[in-house]
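For reference, the structure discussed in these notes is given below.
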Amino acid sequence: MLPRLTRTGRLAGAAAGAAMLTACASEPPPGPPPPPMGGAATPQGCAADKLADDALVGKPEAEAIALLDGCAWRIGQRDAQQFPGTMDYRPDRRTLGIAGGLVVWVKRG
């Protein structure tokens, strides 16, 4: 047989439950979706194929992504935050490092 809760015990339980519900209700709304993290290659290739990889360094992220449309690419780092990548080596894929909205490095593989 379970022990009966006293009136104080019931009030304490109700207060704890109300505190938990209040904490859940005060979570901030989700932010905007993250920007694109990569693209797949197409048979046509992309505008960046006509440029050296170093030509992307110093360009704004949006401009670099536009040049890479049709190429295999991904973002490996943004503002010192590392993103997971796969270990497969693909010489056609570019991995970009972004800092302050600009491309700061490009690696192949």
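What follows draws every value from the coordinates through simple rules; no lab data is involved. These numbers come from a predicted model, not from an experiment. All Cβ positions, even for glycine, are placed from backbone atoms using ideal geometry, and neighbour counts span all protein chains on display.
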Rounded to one decimal in nm, the spacing of the 7 Å Cα→Cβ label points at Leu102 and Lys50 is 2.5
Ordering of 42-50, 71-79, 89-97 by packing [mean C-beta count within 10 Å, highest first]: 71-79, 89-97, 42-50
Formal net charge of residues neighbouring Tyr89 (Cβ-Cβ distance under 12 Å; K, R +1; D, E -1): +2
What percent does the relative contact order of region 38-108 come to when contacts are Cα pairs within less than 8 Å and at least six residues apart? 36
Would you mind checking which residues have amide H under 5 Å from Ala41's amide H? H placed 1.01 Å from N; only 5 or more apart, or other chain. Ala72
